[in-house]
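J.: Have a look at the structure that comes next, please.
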Amino acid sequence: MVTARPHPEGPWGSDPQRSLELTCMSNLLSTSEERVYFKDRLSRFLLVSEGWIAAYAPGRTAEELIGKTDFDIFSERHATAAFEDEQQIIRTGDPLVGKVELETHSHRADAWVSSTKMALRDSDGEIIGTFGISRDVTAQILAEQALLDQTQQLSLQNERLRELDGMKDEFIGLVSHELRTPLTSIIGYVKLLRDKRTSEVNADQYAEVIQRNSQRLLRLVEDLLFLSQTHSGTVSVELRSADLGEIAESAVEEMRPEAERKHIALAFSPASAPRLPIDATRIAQLLGNLISNAVKFTPNGGKIEVRVGTDGDKAVLEVADTGAGIAAADRERIFDRFFRSKMATQQMIPGTGLGLTIAKNIVTAHHGAITVDSDEGHGSTFRVWLPLEQAPAAGAHDLAVGQARRA
Ligand code: ADP
């Protein structure tokens, strides 16, 4: 039963008291489940407990292990670290208490252990080696790590919720402002229209302002409606074969008055775009958002070009402007809900930060992609790729429904 015996050339001598102590120790080690070891000054094993063998060298005997080192049992990395610790204890006499470390093994899973190591002294107090006890704390460490991960996740979620809450307040403020501005203008111009002194020429101008502001309101309400539907995951697109060129042309014409007001040259270059399965209303909404952004962010006298073409098995839509451009740091974020650049808010350019989120939602629902190229200060080009043919499930028939997903 006794598996741990002193090394024949060990430092124990033949004193009867020593011999008794050794017997006690031997009994203790051969039954203990604790992982106990004794090593000489060169970190060679003198004695190991049964628990140590069961943990690290199952199937081997204590006799076999005498004279071996950690390098015969553990990975090189672990054995080197342990050797250095032991040499330091031998040099200083200072113990190493409750050190939690990762034990790396060559042939089985790594484990976390808590080790206490001390100097082994002879009856004269001379350091003749080290001894130590280690306990497997893998389960505890993993539980602690899981708890830490959970706490970090919770705090991230918390942070995100706080951010969302702030964004919601900001959004309500923005939307109220975006609703009030055109409404105030409409009310003012209706009053002017009803004034008997208003000439016919002026009346036409006032009606145009009212129409422009009503359009702006309508676009905002449509955006909000779209977004609320997307949020609950119920928005679908109805894919029907349609002419992208025609849709783009009418989107351009819709924005022309606004562009002319800013003396922006708005050009449309159609290439031969085949019919493709799209939701025409949604694609018109997407183009409306891109072109209205281009108009908003391009100063008076600039240029905007809308192009339609194909690239392999995709149709490509491009809206290029010579406007403010987008800072590199913002390019990743412009498709995020409510995101508006500092420049947009500082210059009080109207908007809610929803247009591009919606654009991306629409593109995703069509299994397409949207990208932006921009040279800050010199303009931006938004590109949309739409599959010319939808995958069978989504577009084999003239009418198919694809779920819009949140961006
Ligand atoms: P909004 O236009 O209401 O601010 P969007 O989601 O449409 O919201 O756009 C988000 C942001 O992306 C804008 O605030 C602006 O900073 C930037 N952006 C979008 N289009 C352009 C563009 N053509 N030129 C420069 N910046 C743009």
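J.: Restricting attention to the range 279-290, and to residues there that are among the aliphatic types (A, V, I, L, M), touching a residue at least 40 places away in the same chain (Cβ under 8 Å) and more than 9 Å from the ligand (Cβ to nearest atom), which single residue is surrounded by the fewest Cβ atoms within 10 Å (Cβ to Cβ)? Quick ask: steps written out before the conclusion?
T.: To start, the set of residues in the range 279-290 that are among the aliphatic types (A, V, I, L, M) comprises 280, 283-284, 286-287, 290.
Going one step further and asking which of them are touching a residue at least 40 places away in the same chain (Cβ under 8 Å), we end up with 280, 283, 286-287, 290.
Still in the running and more than 9 Å from the ligand (Cβ to nearest atom): 280, 283, 286-287.
On the way: 280: 18, 283: 25, 286: 31, 287: 27.
If we take residues in the range 279-290 being among the aliphatic types (A, V, I, L, M), touching a residue at least 40 places away in the same chain (Cβ under 8 Å) and more than 9 Å from the ligand (Cβ to nearest atom), then 280 is surrounded by the fewest Cβ atoms within 10 Å (Cβ to Cβ).
J.: Condition first: within 11 Å of the ligand (Cβ to nearest atom) and in contact (Cβ under 8 Å) with a residue 24 or more places away in the chain. Can you find one or more residues in the range 302-317 that meet it? Spell out how you get there, then give the answer.
T.: Within the range 302-317, the subset within 11 Å of the ligand (Cβ to nearest atom) is 302, 304.
Filter again for in contact (Cβ under 8 Å) with a residue 24 or more places away in the chain, leaving 302, 304.
Yes: the range 302-317 contains one or more residues that are within 11 Å of the ligand (Cβ to nearest atom) and in contact (Cβ under 8 Å) with a residue 24 or more places away in the chain.
J.: Next up: Out of 352, 364, 298, 357, report the one residue that is under 22 Å from the mean Cα position of the chain (by Cα), crowded, with 19+ Cβ neighbours inside 10 Å and either without any contact (Cβ under 8 Å) to a residue 24 or more places away in the chain or within 12 Å of the ligand (Cβ to nearest atom) (or both). Walk me through how you get there before you give the answer.
T.: Working: 352 fails: under 22 Å from the mean Cα position of the chain (by Cα); 364 fails: either without any contact (Cβ under 8 Å) to a residue 24 or more places away in the chain or within 12 Å of the ligand (Cβ to nearest atom) (or both); 298 fails: under 22 Å from the mean Cα position of the chain (by Cα).
Only one candidate passes the filter, namely 357.
J.: Tell me, which helices (runs of 4 or more DSSP H) wholly within the range 316-385 include 2 or more residues that are β-branched (Val, Ile, Thr)? Let's see the steps before the verdict.
T.: Values: elements: 328-331, 342-346, 355-365.
Helices (runs of 4 or more DSSP H) meeting the threshold: 355-365.
J.: May I pose another question? Looking at the range 121-143, which of its residues are within 25 Å of residue 51 (Cα to Cα) and surrounded by fewer than 16 Cβ atoms within 10 Å (Cβ to Cβ)?
T.: 121, 122, 136, 138, 139, 140, 142, 143
J.: Could you give every pair whose Cβ atoms fall below 7 Å, whose first residue belongs to the range 259-273 and is more than 16 Å from residue 320 (Cα to Cα), and whose second residue is among the aliphatic types (A, V, I, L, M) and assigned to a helix (DSSP H, G or I), counting only separations of at least 6 or pairs across chains?
T.: If the second residue must be among the aliphatic types (A, V, I, L, M) and assigned to a helix (DSSP H, G or I), the pairs left are 262/295; 273/244.
J.: Further, regarding this structure: Would you confirm whether or not the range 324-338 contains a residue that is modelled with pLDDT under 90 and either more than 31 Å from the chain's Cα centre (by Cα) or of a type in the set (Asp, Glu) (or both)?
T.: Yes, the range 324-338 contains at least one residue that is modelled with pLDDT under 90 and either more than 31 Å from the chain's Cα centre (by Cα) or of a type in the set (Asp, Glu) (or both).
The values are calculated or read from the model by the stated rules, or taken from the named source; none is laboratory data. The shown structure was predicted, so the numbers you read here are calculated from the model rather than taken from an experiment. Cβ sites come from the backbone with ideal geometry, for glycine too, and all protein chains shown count toward neighbours.
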